[in-house]
Amino acid sequence: MTQTELKEFFKDSIKTKGNLTSGEVATIMSEVPSLELKMDRDSQEYYYTINCSDLVNVSDNFLKDLKTLGWSLGEDNNFLILFI
């Protein structure tokens, strides 16, 4: 999938809080090298990010799973985010 297709696929995703099990984290990390845990300094909330450029060669089923888990596009449209 191209970056444009990824943006289209995730455009209707709503930013929600989600939970990831250690198994889900391991599965995501096996597919994309850019999974990072970060903290919003203003709100003190933790969130995961995935660089969209690392999702170009993953399967459609993997992307559907990410969407089901609550991942959505960040404000810059270059990262998927999931608040925890």
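Can you give me the C-alpha center-to-center distance between region 54-84 and region 7-25, rounded to a whole angstrom? Value for the Cα centre distance between the two parts: 6 Å. Pairs of lysines in the chain whose Cα atoms sit within less than 18 Å of one another amount to 11, provided the residues are eight or more positions apart or on different chains. Modelled spin-label separation between residue 51 and residue 36, with each label point placed 7 Å from Cα along the Cα-to-Cβ direction: 0.8 nm.
Modelled spin-label separation between residue 4 and residue 22, with each label point placed 7 Å from Cα along the Cα-to-Cβ direction: 4.3 nm.
DSSP loop GluC sites (Glu not before Pro) in region 24-84 with at most 12 other Cβ atoms within 10 Å of their Cβ, which ones?
Numbers: sites: 24, 31, 36, 45, 75; in loops: 45, 75.
Taking region 24-84 and a limit of 12 other Cβ atoms within 10 Å, the loop GluC sites (Glu not before Pro) found are 45, 75.
Taken one residue at a time, the phi angles of region 42-49 give Karplus couplings (6.51, -1.76, 1.60, θ = phi - 60°) of 6, 8, 6, 9, 8, 8, 9, 10 Hz. Gly and Pro are set to x.
Determine by what factor the alpha-carbon radius of gyration of region 3-83 differs from 2.2 N^0.38 Å, reporting the quotient. In units of the 2.2 N^0.38 Å rule of thumb, it is 1.01.
Other residues lying with their Cβ under 13 Å from the Cβ of residue 54 contribute a combined charge of -2, Lys and Arg counting +1, Asp and Glu -1.
In deg cm²/dmol and to the nearest 500, what is the mean residue ellipticity at 222 nm of the chain if only DSSP H runs of at least 4 residues count, each as -39500 (n - 2.57), divided by the residue total? Could you put the intermediate results ahead of the total?
Values: 3 runs with 28 residues, N = 84.
Mean residue ellipticity, 222 nm, calculated: -9500 deg cm²/dmol.
Bear in mind these aren't lab numbers, they're just calculated from the coordinates by the rules spelled out. Keep in mind that this is a model prediction, so the values were computed, not measured. Quick reminder, even Gly has a Cβ in these numbers, built from the backbone with ideal geometry, and neighbours come from all protein chains shown.
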